[in-house]
Amino acid sequence: MTHSAMLLQRLRAFSLLAVLAMMSLVMAAEYEIIVDNPCVATIKADGKVYGTIDLTSLDSKDPTKPAFQIVGGGYTYMYNPCTAMNYHTCNEGQTVCQTDTKSAFYKAGKLNETTYRMDGLGKVILNYKQDPTDANARQSIFVLECDEDAVKAPVLNFTGEIPSGHYNFVFAWKNFCHEIPTTPPPSGLGVGAILLICFFPSLVTYFIVGAVIQLKVRGAQGLEIIPNYNFWSSLPGLVLDGVRFATTRSCSWG
């Protein structure tokens, strides 16, 4: 493969990456989760409300009686979504408490360290950290999922400890089916976005078609297959001269 052909191939690859990057920017869902308190959050996009997560009705409202208690991975986990526990040694604002068969209790997530985020499938994920400043501290991660069969009460399952010290759960409930959006919200495009969408494909087409003409028709070699190579190679210098000119004029006016 000649140097010119390799250069043309790289130009095509770069053009494809530019188009894919532009498509990803246009297609990306722009969700924002507004947290009212650790158990109530609103999902918004483009100024519209697309769902509300409200765990208030699932809470026991009793610090000494966790609403949920399940076994998994050799431990028993206690969980109270909205009320900090006062359960044995889990008495410093914990929302998740962990105990082993020897009755030792471990703090696995504080209520006031609750964070919300959304994954690429539209599922809301709650993360309860015990100490956000310590990467090795225990934390609990709850994935909220739709379950049409969980009508009366949600189903909480332990899914594993990945990585070490990160305890993962799936929280399934019928109420999550209509509250959590599963598709990107419609997004209105402004004039600037439309111009960018038109500009980049046109620029890519210009370089590809121009390079093919330079190579096949005019027999150009090396960097000369780039259309209007002299202009593009001098463009950085022209931009720099423009910046210097503008800076000099503004300083003299000042």
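Each value in this text was obtained by applying a stated rule to the coordinates, not by laboratory testing. Only a predicted model underlies this, so the values are computations on that prediction, with no experimental measurement involved. Glycine also receives a Cβ, built like all others from the backbone with ideal geometry; neighbour counts cover every protein chain displayed.
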GluC sites (Glu not before Pro) within the stretch 145-175, DSSP loop, no more than 11 other Cβ atoms inside 10 Å: Glu148
How are the alpha carbon pair distances in the stretch 94-163 distributed across 5 Å bins from zero to the largest one, expressed in percent? 3, 14, 20, 24, 19, 12, 6, 2
Which aspartates and glutamates, if any, have their Cα less than 18 Å from the Cα of Lys107, not counting same-chain residues under 8 positions apart? Asp62, Glu92, Asp131, Asp134, Glu161
Evaluate the relative contact order of the stretch 92-170 (contact order divided by residue number), counting alpha-carbon pairs under 8 angstrom at least 6 apart; express in whole percent. 21
Regarding the stretch 136-181, what are the three Cα extents along the principal axes, ordered largest first, in Å? 36, 19, 12
